[in-house]
1. Can you give the angle from 0 to 90° between the axis of helix 2-19 and the longest principal axis of the chain, with both taken from C-alpha atoms, to the nearest 10?
2. I'd like to check one number: the per residue accessible area of the chain, probe 1.4 Å, reported in Å² as a whole number.
3. Under 9 Å from the Cβ of THR122, count the other residues' Cβ atoms, weight Lys and Arg +1, Asp and Glu -1, and hand me the total.
4. Of all beta bridges DSSP finds with both residues in the chain, what is the antiparallel percent, to the nearest 5?
5. Please report, as a whole percent, how much of the solvent-accessible surface of the range 52-200 comes from carbon and sulfur atoms (probe radius 1.4 Å).
6. So how much slack lies between ALA47 and GLU143, counting 0.36 nm per residue of separation and subtracting their Cα-Cα distance, in nm?
7. Around HIS163, under 11 Å between beta carbons, what's the net of Lys plus Arg minus Asp minus Glu among the other residues?
8. At what distance in nm do the modelled label points of GLU201 and ALA72 sit from each other, each positioned 7 Å from its Cα along Cα→Cβ?
Amino acid sequence: MTSAVEPTRGFTGRSRAADRDPRLPPGQYDARDTWPVLSAEVTPTIATADWTFRVDGLVDGARTWDWDAAHALPRSEYRGDIHCVTGWSKFGVRFGGVSVDAFLEAARPSPAATHVVAWSHTGYAANLPLADVTGGRAWIVWEYDGAPLAPEHGGPARLVVPHLYFWKSTKWIAGLRLLDHDESGFWEQNGYHHRGNPWQEQRYAHD
Ligand SMILES: Nc1nc2c(c(=O)[nH]1)N[C@H]1C(S)=C(S)[C@@H](COP(=O)(O)O)O[C@H]1N2
Ligand SMILES: [Mo]
């Protein structure tokens, strides 16, 4: 009986590895049509008329944009995948908004700036190296799949940094503060990794 089972098990194992979607980082699964909501806070109601986005800290000119001023910046889209540290990944999502580069260009980061804190209108924050939100790798978005971003997913607007675990993508984004040092955000103070690269499985502080 053992000899009949084991070759089958071995074959199945190899077959699964070969079929694994190359878009899936280690330890992740495909959430397919679902989009789980992960929020430490109660979903706030923020009218677009009340939403603001500020870039301050180590910049030559701190700036605040309101809804209309942010929409006047060049439109930019992210199409691709996202990965949550709890295990789900989602392929081929489409977010519309403005590249973080466009906001930073207006505020002119000082050469001393090395990190940012991405803080929300609710008090949540995530820390990131400045290099992870520049160079066309991060967006402030207000659309998902061509429709307004739902409040539970961070609407009216959130940060999206898709190459890092999704906890870095602050919902109800209020601003970026530029710093010359790393300053832990909400999950980083609770044992999560400072960078959070899903391809290196940087889930917890010492991964
Ligand atoms: N303000 C705020 N932003 C947040 C969070 C949060 O709790 N509050 N959760 C983070 C985590 S852990 C993830 S995985 C994503 C979840 O986004 P979603 O709820 O749209 O899937 O938002 C991130 N941004
Ligand atoms: Mo997450």
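The values are calculated or read from the model by the stated rules, or taken from the named source; none is laboratory data. Keep in mind that this is a model prediction, so the values were computed, not measured. Heads up, the Cβs are rebuilt from the backbone with ideal geometry, glycines too, and the neighbour counts pull from every protein chain shown. Remember, those area values only see protein heavy atoms, side chains included, never the ligands or the DNA or RNA. Shrake-Rupley method; radii C 1.70, N 1.55, O 1.52, S 1.80 Å.
1. Roughly 30 degrees between the two axes.
2. Values: 10280 Å² over 207 residues.
Computed with neighbouring chains in place, this is 50 Å² per residue.
3. 0
4. Working: 34 of 40 bridges.
So the antiparallel bridges amount to about 85 percent of the total.
5. It is 51 percent, rounded to a whole number.
6. Values: separation 96, 0.36 × 96 = 34.56 nm, distance 1.49 nm.
Here the answer is 33.1 nm.
7. Details: positive: ARG137, LYS168, ARG195; negative: ASP81, ASP132.
Net charge in that neighbourhood comes out at +1.
8. Result for the modelled spin labels: 4.9 nm.
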